[in-house]
Amino acid sequence: MAASRTPILAGNWKMHGTTAEAKALAGGLAARVGGRTDRGVVLAPPFTALATVRDAVAGSNIVVAAQNMSWADKGAFTGEVSPGMLADLGVRHVILGHSERREIFGEGDDVVRKKVEAALKHGFTSIVCVGETLAERDAGRTLEVVKRQVDAALNGLGADAGGSIVVAYEPVWAIGTGRVATREQAQEVHGEIRGLLRDLALPADAIAILYGGSVKPDNVDGLMAEPDIDGALVGGASLEVESFTRIVEYRA
Ligand code: PGA
């Protein structure tokens, strides 16, 4: 990654963890990596553990994020959690458009866009996820799909929004499969995304672009050595103190 950007290592816990488990994991990570100022460390537990994790990392530099958020402020939206509810917990970071939201829960580009706008309106930093499926990659459509997703989420937001946006490139075929994209495959798409951000008049050189999809202690160093890979969004390997600590402490 380029020295001008601060790397971000984010753990997406997905639907894992009781409050007791969350407290132990977050507390363990706060003790190991909570003092780092040269790398941003983000933990995204389930909604039910947000307050627990917030308290467990209090006093450290670790940032707590939600995994999803409603675009609505309030109202008849059963099962949804609003930006104001998260802000009330002290949470100001959110993962949006994760492929599991898109694929399993039917969130289209339009929904992701509304959520990005809501996040900006409420002063949140969004980690906006994009990425192609295996069928799309095999059909040679990777860049087309990623471009469509980036464009839908970020086009026309205005340069000021740049400071509140992080992009995560997560090829769907690499998520939870153990099949990581090669560093060259990831760098190619990251470079394209940075060009797209520039085309959208966003401060492309200042925006962190994370890679996600089977990031592990044994592949993070190589990925982070690529010039346009500014961090990682980590699922499975973020659920244990040792493995996520090693990822935060990557050596590039
Ligand atoms: P994984 O998940 O690290 O378990 O592949 C990454 C993600 O979905 O963010």
Largest first, what is the accessible-area ranking of Lys14, Lys115 with a 1.4 Å probe? Lys14, Lys115
Which entries in Lys114/Lys216; Lys14/Lys114; Lys23/Lys114; Lys74/Lys114; Lys23/Lys216 show an alpha-carbon gap greater than 25 Å? Lys114/Lys216; Lys23/Lys114
Relative packing of peptides 93-103, 131-141 - highest average C-beta neighbours within 10 Å first: 93-103, 131-141
In the chain, carbon and sulfur make up what percent of the accessible area (probe 1.4 Å)? 52
Enumerate the amide H contacts of Ile95 below 5 Å, restricted to partners 5 or more residues apart or on another chain; note that Pro and chain-start residues carry no placed amide H. Ala66, Gln67, Asn68, Ile127
With the other protein chains left in place, how much accessible area per residue, in square angstrom, belongs to the chain at a 1.4 angstrom probe? 42
Region 1-124: relative contact order from alpha carbon pairs under 8 Å, six or more residues apart, as a whole percent, is 21
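Using the Cβ atoms and a cut-off under 10 Å, what net charge is assigned to the surroundings of Arg5, where Lys and Arg are +1 and Asp and Glu are -1?
Values: positive: none; negative: Asp205, Asp228, Asp230.
Surrounding charge for Arg5 is -3.
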Contact order normalised by residue count of region 155-244, Cα under 8 Å, 6+ apart, percent: 34
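The values are calculated or read from the model by the stated rules, or taken from the named source; none is laboratory data. Predicted model only: the values in this text are computed from it and were never measured. Don't worry about glycine lacking a Cβ; one is built from the backbone with ideal geometry, like all the others, and counts go over all protein chains shown. Surface accessibility is based on the protein's heavy atoms, side chains included, excluding ligands, DNA and RNA. Shrake-Rupley method; radii C 1.70, N 1.55, O 1.52, S 1.80 Å.
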